[in-house]
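Here is the structure we will look at.
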Amino acid sequence: MIQFRQVTVNYGYVPGALKDINLQMHDGDFTLILGPTGSGKSTLLRLIYMDILPSSGVVTVDKWSSFRISPRQINRLRRNIGVVFQDFKLIDNMSVFDNVALPLVIEGYRRKYIRKLVHVLLDEVNLLQSKDQRASTLSLGEKQRVAIARAMAKNPFVVIADEPTGNLDREASKNVLSLLERINRNGTSVIMATHDYELIKETPYKRIYMENGEVLPGDRTINIPNKRINILANKE
């Protein structure tokens with residue numbers, strides 16, 4: 001379980017600061033974090049894998065607490081979390097295989113195990129045939145699928161996806177969402193931040209709406225381009 005208790009992050013007047021966030025996210029859930037650019041979505045996600053720590057309040061992720069976590073414990077926490085970024089963060093001059101294998105190599109897994117697991121992961125994202133290609137030669141949608149395979153390499157209990165479809169066309173976006181849904185059905189929690197409302201509007205998942213660094217209550221609405229979403233109507 002992931003819990004935020006009265007969490008505030010101060011960036012001065014910079015967009016992305018958070019104000020008194022109280023949330024719970026449960027094991028096995030697919031959770032959508034929705035809101036416009038600068039609403040605090042990425043900041044909230046960074047708190048989960050403790051890339052930053054709160055200015056006040058406490059974030060609890062499984063057995064780890066931001067209140068007393070050490071740098072060594074942060075590294076252990078991150079071994080159990082898969083992170084997927086909008087800009088992929090692949091190493092372009094490395095092969096698809098080597099990009100997915102990299103976190104396993106760093107952790108010192110045996111070569112035979114790495115080879116077997118990476119083949120399984122690439123098959124899952126339908127890119128086994130591209131394992132020897134350089135990452136720089138892939139389409140944007142393929143790069144994101146490689147990034148998802150890499151995020152799953154250490155069998156995380158949660159995958160965090162920060163605007164994973166932000167640079168993709170509609171078809172590639174649907175493929176990425178479908179892949180994250182399959183990961184969730186297999187038992188891994190997924191937390192996805194997005195402002196692609198059309199992509200997720202028919203999905204049944206828990207929604208957390210953010211605006212100006214705050215989580216909006218169920219009787220509020222959120223401004224998005226050309227229309228407004230009634231949060232109450234979407235509340236489970």
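Charges on Cβ only, +1 for Lys and Arg, -1 for Asp and Glu, centred on the Cα centroid of the chain; of M1, Y113, V190, which one is farthest towards the dipole's positive end?
Of the candidates, Y113 comes out farthest on the positive side.
How large is the dipole of the range 110-191 about the Cα centre if only Lys and Arg carry +1 and Asp and Glu carry -1, each at its Cβ, rounded to the nearest 20 debye?
Here the size comes out at about 580 debye.
What is the ratio of the Cα radius of gyration of the range 1-136 to 2.2 N^0.38 Å, where N is its residue count, to two decimals?
1.25
Just to be sure I understand: if I project the alpha-carbon convex hull of the range 1-80 onto a plane and average over all orientations, what area do I get in nm²?
Answer in nm², one decimal: 5.3.
Work out the charge dipole of the chain with +1 on the Cβ of Lys and Arg and -1 on the Cβ of Asp and Glu about the Cα centre, then indicate which of N155, V125, T137 is farthest towards its positive end.
Of the options given, the answer is N155.
Take every DSSP beta bridge with both residues inside the chain and express the antiparallel ones as a percent of the total, to the nearest 5.
Of all bridge pairs located within the chain, approximately 50 percent are antiparallel.
If you put +1 on each Lys and Arg Cβ and -1 on each Asp and Glu Cβ, how big is the dipole of the range 16-92 around its Cα centre, in Debye rounded to 20?
340
Can you give the Rg to Rh ratio of the range 17-61, both from alpha-carbon atoms, with Rh computed by the Kirkwood formula?
0.93
At 15 angstrom or more along the helix axis (alpha-carbon based) and mean Kyte-Doolittle of -0.5 or higher, what helices does the chain contain? Whole DSSP H runs only.
96-106, 111-124, 140-151
What does the convex hull of the Cα atoms of the range 149-224 come to per residue, in Å³, rounded to a whole number?
Value for the range 149-224: 122 Å³ per residue.
Viscosity 1.567 mPa s, temperature 4 °C: give me the Stokes-Einstein translational D for the range 66-126 in µm²/s, with Rh taken as the Kirkwood radius over C-alpha pairs.
In µm²/s, the coefficient is 96.
Counting only helical runs of four or more DSSP H residues, what would the 222 nm mean residue ellipticity of the chain come to if each run contributes -39,500 (n - 2.57) and the total is spread over all its residues?
-9500 deg cm²/dmol
What are the radius of gyration and Dmax of the range 84-160, computed over its Cα atoms and given in Å?
11.3, 31
Sorting check: for 93-100, 106-113, 54-61, which peptide has the highest mean count of neighbouring beta carbons within 10 Å, and how do the rest follow?
Packing proxy ranking, top to bottom: 93-100, 54-61, 106-113.
Give me Rg/Rg_expected for the chain, where Rg uses Cα atoms only and Rg_expected = 2.2 N^0.38 Å with N residues.
Ratio of Rg to 2.2 N^0.38 Å for the chain: 1.02.
Quick note: the coordinates plus some simple rules give every number you see, no bench work behind them. None of the values given here were measured: they were computed from a predicted structure. Methodologically, a virtual Cβ is constructed for each residue, glycine included, from the backbone with ideal geometry; neighbour enumeration extends over all protein chains shown.
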